[in-house]
1. Using the heavy atoms of the protein chains alone and a 1.4 angstrom probe, what is the accessible area of the chain per residue in square angstrom?
2. What's the Kirkwood radius of segment 82-165 in Å, using all Cα pairs?
3. Give me the lysines in straight-line cross-link reach of LYS219: C-alpha distance below 19 Å, same-chain residues under 8 apart excluded.
4. What is the gain in length, in nm to one decimal, between TRP244 and ARG33 on full extension, counting 0.36 nm per residue of separation less the C-alpha to C-alpha distance?
5. Please name which of LEU140, ALA205, ILE276 has its Cα lying farthest along the dipole of the chain towards the positive end, using unit charges on Cβ (Lys, Arg +1; Asp, Glu -1) and the Cα centre as origin.
6. Taking Cα pairs under 8 Å and at least six residues apart, what relative contact order does segment 82-165 come out at, in percent?
7. I need the trypsin sites (Lys or Arg not before Pro) found in segment 209-257, filtered to DSSP loop residues with at most 13 other beta carbons within 10 Å of theirs.
8. Under a point-charge model restricted to the Cβ atoms of Lys and Arg (+1) and Asp and Glu (-1), what is the dipole moment magnitude of segment 249-359 relative to its Cα centre, in debye to the nearest 20?
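The values are calculated or read from the model by the stated rules, or taken from the named source; none is laboratory data. The structure displayed is predicted, hence computed values, not measured ones. For neighbour counting, all protein chains shown are included, and Cβ atoms are generated from backbone atoms with ideal geometry for every residue, glycine included. All accessible areas refer to the heavy atoms of the entire protein, side chains included, with ligands and DNA or RNA removed. Shrake-Rupley method; radii C 1.70, N 1.55, O 1.52, S 1.80 Å.
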Amino acid sequence: MDEYPSISLPVSESQLNLLERLSNAVAVSGDEREVRAIVLEEIQPFADEVRVDALGNVLAVRHASGENPLRVMLAAHMDEVGFILVEEEEGGWHRFEVVGGVDPRVLVGKPVVVGKDHLAGVIGARPIHLTTPDERKNALSVDQLRIDLGNENGKKVKPGERAGFATRFRQAGPSLIGKALDDRLGVAILIELIKNPPANVELLAAFTVQEEIGLRGAKVAAYALNPDLAIAVDATPANDLPLWDGEENTRYNTRLGGGPAIYVADAATLSDPRLIRHLIRTAEEMGIPYQIRQPGGGGTDAGAIHKQREGIPVVSVSVPVRYAHTPALQARLLDWENTLSLLYHGLERLSPELFSEDR
């Protein structure tokens with residue numbers, strides 16, 4: 001799984017630095033301003049049109065050089081899972097609710113940052129010394145946890161403010177480790193495609209909000225952009241760890257090191273067969289590693305996009321990641337590179353004749 005052919009679009013040092021900035025930024029659903037600011041800074045010198053809509057999506061266009069090009073929407077979501085403060089208590093403690101899908105079992109003792117000033121806090125619970133064996137048999141629920149900011153900082157924030165994991169991005173050999181790589185990897189890819197687009201398509205880039213709580217930004221973005229087709233660029237869980245009982249893992253979803261994951265079906269979308277075939281042909285003819293994401297649960301912005309207007313043909317392409325929706329995700333640099341390469345060459349080889357094929 002670690003043997004790759006050479007690819008045409010290796011990730012540069014500047015792209016790695018950008019991914020680090022994106023990962024370290026906090027953009028819990030509904031407050032994506034930190035990532036939006038980075039996106040705007042990066043794309044405004046290159047995009048032909050840029051605007052921010054009423055929900056906070058960044059919509060950008062790179063015009064094609066030819067006549068009557070396909071209008072292709074690429075969507076990558078800016079938001080991440082995290083927390084929202086709901087009640088202040090004495091002593092700097094704050095009750096909170098999760099935003100998006102977060103497993104409470106991973107929360108105890110995790111450092112967080114709160115509000116626009118990134119005030120340091122920790123998710124607190126009673127330590128093992130002060131609990132009984134019976135209490136330790138059960139996982140703690142969110143309403144048993146608190147974000148502890150201390151007396152002074154606790155008074156500086158109010159209910160409604162967001163909190164995010166405080167994990168800092170780093171590279172470890174072939175691996176990338178950080179929070180919110182779902183979907184900052186996709187955001188970084190989309191920024192690169194805005195900077196260096198294939199000339200044959202009208203590239204409609206949507207950096208979307210509130211994906212983690214219901215694909216809300218993508219719904220209005222797709223209506224506004226009105227594309228001929230769309231590709232959701234995301235990250236997807238790699239369930240490729242060995243099973244505890246030593247049996248072969250056949251339900252791996254995706255594997256790290258297997259290249260970009262092309263979706264056939266998930267809980268929200270049946271991908272357009274013509275787009276699936278196009279991406280597979282592109283990968284095989286260009287020598288780009290790829291994998292088919294095992295059909296099943298989960299979903300991407302494609303789930304909202306394909307139901308807009310008269311219907312929009314969609315497919316999703318994701319970078320596989322381990323430990324999604326936790327404080328620290330892990331990805332492979334080469335999977336990121338190969339996803340960028342597949343998308344670039346897939347766009348470059350698109351033509352209206354694709355839709356003359358039988359579905």
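1. Details: 15780 Å² over 359 residues.
The answer is 44 Å² per residue.
2. Working: mean 1/r = 0.0768 Å⁻¹.
It works out to 13.0 Å.
3. Partners within reach: LYS307.
4. Numbers: separation 211, 0.36 × 211 = 75.96 nm, distance 4.13 nm.
Taking TRP244 through ARG33 to full extension adds about 71.8 nm, to one decimal.
5. So the residue furthest toward the plus end is LEU140.
6. Numbers: 156 pairs, mean separation 38.5, N = 84.
For segment 82-165, the relative contact order is 46 percent.
7. On the way: sites: ARG216, LYS219, ARG251, ARG255; in loops: ARG251, ARG255.
Taking segment 209-257 and a limit of 13 other Cβ atoms within 10 Å, the loop trypsin sites (Lys or Arg not before Pro) found are ARG251.
8. Values: 12 positive and 12 negative charges, 80 e Å.
It comes to approximately 380 debye.
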